[in-house]
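*Asks:* Dropping a structure here in structure tokens format, bear with me for questions.
The values are calculated or read from the model by the stated rules, or taken from the named source; none is laboratory data. Just so you know, these numbers come straight off a predicted model, no measurement behind them. Here the Cβ is made from the backbone with ideal geometry for all residues, glycine too, and neighbour counts use every protein chain on show. Remember, those area values only see protein heavy atoms, side chains included, never the ligands or the DNA or RNA. Shrake-Rupley method; radii C 1.70, N 1.55, O 1.52, S 1.80 Å.
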Amino acid sequence: MRTNQPTTIRLSEYKVPAYLVDTVDLRFELFESGARVHSTLTVHRNPESTEEFAPLELDGDSLKLERVELDGQELAAGSDYNETGVQLVIAKVPARFELTVVTWIEPQNNTRLEGLYKSSGMFCTQCEAEGFRCITYFPDRPDVMARYRTRIEADKASCPVLLSNGNDVDRGDLEDGRHFVTWEDPFPKPSYLFALVAGDLVEKQDTFTTCSGRDIDLRIFVEPRNAAKCQHAMDSLKRSMRWDEEVYGREYDLDIFMIVAVDDFNMGAMENKGLNIFNSSCVLASQETATDLAFQRIESIVAHEYFHNWSGNRVTCRDWFQLSLKEGFTVFRDSTFSADMGSPTVKRIEDVTLLRTAQFAEDAGPMAHPVRPASYMEISNFYTLTIYEKGAEVVRMIHTLLGPDLFRKGSDLYFERHDGEAVTTDDFVKAMEDASGRDLAQFRLWYDQAGTPVLTVADDYDSERGVYSLKIQQAIPDTSGQTNKKPQHIPFALGLLGAEGEALPLRLGSTEDAASAPTERVLELTDASHTFEFHGLSQKPVPSLLRHFSAPVRLVYPWSREQLVFLMSHDPDGFNRWDAGQRLAVDVIQSLVASSGAGDVDPRLVDAYRALLADRALDQALVAKMLHLPSEAYLIELADSPDVAAIHRTREQVLSHLATSLRDELVACYNRNLGGGEYEVTPESVARRSLKNTALAWLLMINDDTGRDLALQQLSEADNMTDRMGALRALVNSDYAAERSQALADFYEQFQSDPQVVEQWFSVQASSDRAGQLPQIQALLKHPAFDWKNPNKIRSVIGVFAGQNLAAFHNPDGSGYSFLAEQVCRLDDSNPQIAARLVAPLTRWKKFAPAYSALMRTALEQIRDKAELSADLYEVVHKSLEA
Ligand SMILES: [Zn+2]
């Protein structure tokens with residue numbers, strides 16, 4: 001905790017480490033009252049460092065130092081070494097030496113959940129990004145890679161299971177009912193990948209035979225009560241291992257791969273070498289307790305962390321500015337994996353929805369930063385959508401530009417060339433260039449320029465020449481600290497449709513043969529303005545632009561509503577069909593907002609949705625997605641100076657109009673999608689449940705008694721959480737107040753012993769403008785199941801309220817803002833990482849209409865003036881106030 005300004009760390013000031021560590025020998029003595037950590041390092045001067053007589057500087061945080069020895073000689077405080085609170089500095093060391101440091105830490109009092117801490121009686125660690133320094137003094141930076149040997153000693157009764165990275169090489173009993181296990185990791189790794197777990201856990205075991213015929217021991221460790229909820233994660237793991245062999249040629253390297261589920265966890269999951277630690281909500285699933293969405297999320301997170309074994313662990317980041325090297329690439333990998341396991345179109349829609357709603361907002365806000373940031377104060381603030389999602393889009397564009405075969409050659413070269421090294425995003429792009437022969441010099445600007453490019457498209461049709469031309473201009477808005485940006489290299493996929501919806505040949509020159517011309521092309525934009533001419537067209541086509549969302553840009557083109565309706569039913573690209581529907585709905589809602597709700601909902605929107613509900617030929621998973629109106633968050637993101645109350649009201653008005661007009665079709669849709677046999681998580685059955693639950697939600701929106709009866713029946717008869725939650729959510733968002741209260745009470749009664757279900761129960765209320773007004777939110781914070789030490793509970797109430805219940809959060813009286821400020825200040829004392837993440841909705845104050853922004857700013861100032869502000873919160877609050 002500090003009140004003075006934290007230091008800014010800059011990429012331009014990067015220096016290679018003065019000392020490197022070859023081996024780390026750790027011994028943990030775990031007790032109820034704390035833990036003693038003995039660490040012995042073999043260290044040598046880095047020959048690449050120019051600082052020949054540099055002191056040895058080791059990072060530390062909240063440590064009680066007990067002893068320091070250099071080559072067996074105890075050192076004296078003050079004369080031999082200095083301890084500054086964040087560093088241990090030894091002025092004089094030889095070129096090669098052995099250093100032993102003994103520290104005392106208190107995991108049971110560690111509420112920041114960084115380093116070694118206790119969760120539900122279990123010891124566990126989280127070391128990325130800078131948590132290892134909370135365990136022992138160490139050069140805690142990713143370019144110091146060492147081999148670890150870890151001995152854990154603990155009470156055998158309370159901690160029968162003792163885990164760390166690598167292979168289990170020794171174990172035995174000690175005096176006083178204690179025991180030990182020793183783990184050895186043969187692969188050099190940075191300290192952020194270190195992990196330790198000790199507790200009373202049961203395991204689910206399986207094996208996987210790799211492509212070279214090695215048998216890998218797979219284990220998922222959970223608390224005994226969760227033993228039956230691991231099958232899905234185990235299946236997902238095996239699918240990921242196979243996929244990574246087939247698609248990237250990557251085989252697993254250790255003899256054992258372990259996953260542990262932990263209740264109190266700041267992140268989703270962590271890819272520690274051979275010992276992944278997961279937030280319970282990202283690993284535990286059963287039909288009874290997890291929704292379809294949770295099943296899909298678990299599969300993708302298990303895959304993500306597993307894929308890190310190569311993209312992150314074997315090849316790691318040189319410094320934290322390169323975070324997207326591992327995250328962007330790995331998100332791209334897990335996203336392709338999920339697409340392969342389910343519906344690629346639906347997966348793309350989900351990714352783009354997140355990107356356009358939340359990452360574009362970040363890119364336009366005060367915390368905007370490039371995929372490779374140039375500076376930071378607190379690295380944990382940079383685990384952002386820009387690093388992860390935009391970073392993945394950048395890798396996806398390389399894949400689009402190179403094509404799958406050259407991309408694979410590039411990734412093979414990258415893994416081969418840099419195995420065991422800590423490298424940069426430049427090294428990644430260089431490998432792609434070297435393998436493909438393509439020049440990606442201009443493309444690299446995607447890593448260095450923040451902000452979402454805007455592509456403005458104008459078209460013209462010359463009927464005499466039969467030429468259709470498209471003029472595409474790009475501009476990148478200014479962001480904090482960056483102006484006058486250069487044009488970027490942008491892949492732009494498109495098609496053209498004729499009057500009957502037929503795909504037209506794209507002849508870029510008059511000499512190109514119509515028969516061989518493709519019907520989809522990827523144009524490459526490199527200048528601020530480009531004009532492309534398409535020849536041999538006897539009529540003005542309807543353009544299908546930026547297919548598959550081929551680049552993370554804002555696309556501006558003056559579509560008519562007729563064109564959008566046409567694309568919704570004819571575009572062969574499923575993504576663009578969905579996008580046309582979104583654009584049509586956005587246009588209808590925006591014009592109603594502009595006229596303050598006066599006027600009718602365009603009947604073409606109603607007809608388009610009616611056609612969708614009747615379309616049995618189209619992929620039902622796509623239909624289910626297309627039925628979702630653009631979210632309030634997305635409408636706010638698209639608006640200048642949004643008036644949240646007006647957007648909320650208008651969206652509800654459109655939804656009610658659609659539901660009233662399509663009432664009979666909705667009931668039919670519900671009935672048609674009932675049943676379906678055994679519960680399974682396939683794209684078809686997920687789509688069936690989604691359609692059914694959407695129909696239910698719409699019927700309850702208009703307080704339809706048939707809908708209410710169907711919801712109550714579904715709630716009592718459902719054999720899975722998706723249907724149960726679908727019915728509960730529909731009731732909670734209806735005006736049936738008595739049924740709502742009863743349903744919420746019954747649901748809690750039934751599932752109160754399951755923390756993951758209770759989190760969903762909190763969320764469904766916190767996100768509802770009926771059940772989640774501020775007094776109700778305050779009551780949830782006092783509920784016995786709420787826990788200030790558990791990040792999931794905090795997110796499911798406070799995070800969901802501020803991020804999803806937008807009308808209530810943006811109450812014009814400012815009460816939502818000051819409530820959030822109060823909770824953020826409270827949390828900053830116990831868990832600064834979570835506090836800094838929760839404050840995000842306030843940081844975008846400048847975006848909103850003046851009545852809102854003034855109050856949001858006041859709430860931020862309230863936080864700024866708090867007596868002791870963590871570095872995490874300091875950075876976010878100050879940057880957003882100063883922007
Ligand atoms: Zn990751």
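*Asks:* Is the range 725-883 best put as rounded, prolate or oblate by its Cα gyration tensor, with a ≥ b ≥ c the root eigenvalues, rounded for a/c under 1.5, and otherwise prolate when a/b is larger than b/c, oblate when not? Please report the intermediate quantities before stating the final value.
*Replies:* On the way: a/c = 2.78, a/b = 1.59, b/c = 1.74.
Oblate is the answer for the range 725-883, as a/c is 1.5 or above yet b/c matches or exceeds a/b.
*Asks:* While we're looking at this one, here's another question. Classify the chain: rounded, prolate or oblate, from the alpha-carbon gyration tensor (a ≥ b ≥ c, eigenvalue square roots; a/c under 1.5 rounded; otherwise prolate if a/b is larger than b/c)? Show your work: numbers first, answer last.
*Replies:* Numbers: a/c = 1.70, a/b = 1.37, b/c = 1.23.
Prolate.
*Asks:* Turning to a different aspect of this structure: When 1/r is averaged over all different Cα pairs and the result inverted, which Kirkwood radius in Å belongs to the range 610-703? Mind dumping the intermediate values first?
*Replies:* Working: mean 1/r = 0.0692 Å⁻¹.
This gives a value of 14.4 Å.
*Asks:* Per 10 Å bin, what percent of the C-alpha pairs of the range 36-140 does each bin hold, from zero upward?
*Replies:* Going out from 0 Å in 10 Å bins, the range 36-140 shows 15, 45, 29, 11, 1 percent.
*Asks:* Of Ala743, Ser767, Asn733, which is farthest along the charge dipole of the range 675-790 in the positive direction, counting Lys and Arg as +1 and Asp and Glu as -1 at C-beta?
*Replies:* The residue sitting most towards the positive pole is Ser767.
*Asks:* Another one. Pick out, from Ser338, Leu781, Ser49, the residue whose Cα sits farthest towards the positive end of the charge dipole of the chain, with +1 on the Cβ of Lys and Arg and -1 on the Cβ of Asp and Glu.
*Replies:* Result: Leu781.
*Asks:* Still on this structure, I have one more. Based on C-alpha coordinates, I'd like the Rg and Dmax of the range 142-296, in Å.
*Replies:* 16.1, 51
*Asks:* Across 10 Å bins from 0, what is the distribution of all Cα-Cα pair distances for the range 294-368, in whole percents?
*Replies:* With a bin width of 10 Å, the distribution comes to 18, 41, 35, 6.
*Asks:* Something else now. Any idea what the dipole of the range 347-505 comes to, in debye rounded to 20, about its Cα centre with Lys/Arg Cβ at +1 and Asp/Glu Cβ at -1?
*Replies:* Details: 16 positive and 25 negative charges, 35 e Å.
Roughly 160 debye for the range 347-505.
*Asks:* Considering only protein heavy atoms and a 1.4 Å probe, what is the carbon-and-sulfur percentage of the accessible area of the chain?
*Replies:* Numbers: 15980 of 32800 Å².
Carbon and sulfur: 49 percent of the exposed surface of the chain.
*Asks:* Tell me the GluC sites (Glu not before Pro) within the range 645-721 that lie in a loop according to DSSP and have at most 14 other beta-carbon atoms within 10 Å.
*Replies:* Values: sites: Glu652, Glu665, Glu678, Glu680, Glu684, Glu717; in loops: Glu678, Glu680.
Listed in order of number, the matching sites are Glu678, Glu680.
*Asks:* Once the Cα gyration tensor of the range 823-866 is diagonalised, what are the square roots of 5 times its eigenvalues, in whole Å and ordered largest first, as equivalent ellipsoid semi-axes?
*Replies:* 21, 11, 6
*Asks:* Next question. Normalise the Debye intensity by I(0) for the range 431-481, one equal point scatterer per Cα, no solvent, then take log10 at q = 0.31 Å⁻¹ and round to two decimals.
*Replies:* -1.12
*Asks:* Next question. Can you tell me what share of the DSSP beta bridges in the chain is antiparallel? A percent to the nearest 5 is fine. All intermediate terms of the calculation are to be shown ahead of the outcome.
*Replies:* Working: 104 of 128 bridges.
Here the antiparallel bridges make up roughly 80 percent for the chain.
*Asks:* Moving on to the next point. Which whole-number value in Å² is the accessible area per residue of the chain, probe 1.4 Å? Can you show the working numbers first?
*Replies:* Details: 32800 Å² over 883 residues.
Roughly 37 Å² per residue, with all protein chains present.
*Asks:* DSSP beta bridges in the range 203-296, what fraction antiparallel, as a percent rounded to 5? Mind showing how you got there, number by number?
*Replies:* On the way: 9 of 19 bridges.
That works out to approximately 45 percent antiparallel.
*Asks:* Calculate, for Ser656 and Thr207, the FRET efficiency according to 1/(1 + (r/R0)^6) with r their C-beta to C-beta distance and R0 45 Å; round to the nearest 0.05. Walk me through the numbers before you get to the answer.
*Replies:* Numbers: r = 55 Å, r/R0 = 1.21.
For R0 = 45 Å, the calculated efficiency reads 0.25.
*Asks:* Please compare each pair in Lys204/Lys409; Lys156/Lys204; Lys430/Lys485; Lys485/Lys847; Lys347/Lys879 to a cut-off of 30 Å on the Cα-Cα distance and tell me which ones are over it. Intermediate values should be presented prior to the final figure.
*Replies:* Values: Lys204/Lys409 37 Å; Lys156/Lys204 20 Å; Lys430/Lys485 23 Å; Lys485/Lys847 22 Å; Lys347/Lys879 34 Å.
Going by Cα-Cα distance, Lys204/Lys409; Lys347/Lys879 fall outside the 30 Å limit.
*Asks:* Placing unit charges on C-beta atoms (Lys and Arg positive, Asp and Glu negative, everything else neutral), compute the dipole magnitude of the range 650-790 about its Cα centre in debye, rounded to 20. Before the final figure, lay out each step's value.
*Replies:* Working: 13 positive and 20 negative charges, 81 e Å.
Approximately 380 debye in magnitude.
*Asks:* Between the alpha-carbon centers of the range 46-72 and the range 85-123, tell me the distance in whole angstrom.
*Replies:* The two parts, judged by their Cα centres, are 13 Å apart.
*Asks:* Under 1.5 on a/c is rounded, so check that first for the range 317-440, then, if it is not, pick prolate when a/b is larger than b/c and oblate when it is not; a ≥ b ≥ c are the square roots of the alpha carbon gyration tensor eigenvalues. Can you show the working numbers first?
*Replies:* Values: a/c = 1.92, a/b = 1.12, b/c = 1.72.
In terms of gyration-tensor shape, oblate.
*Asks:* Quick one: how many Å² of Arg214 are accessible to a 1.4 Å probe, rounded to 10?
*Replies:* 80 Å²
*Asks:* Oh, and also: Using helices alone, I'd like the mean residue ellipticity at 222 nm for the chain: each DSSP H run of four-plus residues gives -39500 (n - 2.57), total over residue count, nearest 500.
*Replies:* Per the formula, -12000 deg cm²/dmol.
*Asks:* Just name one of Val262, Gly799, Pro188: the one whose Cα is farthest towards the positive end of the charge dipole of the chain (beta-carbon charges, Lys/Arg +1, Asp/Glu -1).
*Replies:* Gly799
*Asks:* Per-residue HN-Hα couplings for the range 826-835, Karplus 6.51 cos²θ - 1.76 cosθ + 1.60 at θ = phi - 60°, whole Hz, x for Gly and Pro?
*Replies:* Couplings: 4, 6, 4, 6, 9, 9, x, 4, 5, 4 Hz.
*Asks:* Okay, next question. Alpha carbon centre of the range 431-461 versus the range 694-766: separation in Å?
*Replies:* Taking the Cα centre of the range 694-766 as reference, the centre of the range 431-461 is 46 Å away.
*Asks:* Okay, moving on. Counting Lys and Arg as +1 and Asp and Glu as -1, what is the net charge of the other residues whose Cβ lies under 10 Å from the Cβ of Asp828? Walk me through the intermediate numbers first.
*Replies:* Details: positive: Arg826, Lys866; negative: Asp829, Glu868, Asp872.
For residues surrounding Asp828, the net value is -1.
*Asks:* Can you list the GluC sites (Glu not before Pro) in the range 440-549 that are in a DSSP coil and have 10 or fewer other beta carbons within 10 angstrom? Could you put the intermediate results ahead of the total?
*Replies:* Values: sites: Glu464, Glu500, Glu502, Glu512, Glu520, Glu524, Glu533; in loops: Glu464, Glu500, Glu502, Glu512, Glu520.
Passing sites in the range 440-549 are Glu464, Glu500.
*Asks:* So, with +1 on the Cβ of K and R and -1 on the Cβ of D and E, and no other charges, what is the size of the charge dipole of the chain about its Cα centre, to the nearest 20 debye? Could the numbers behind the result be given before it?
*Replies:* Values: 89 positive and 132 negative charges, 277 e Å.
Rounded to the nearest 20 debye, it is 1340 debye.
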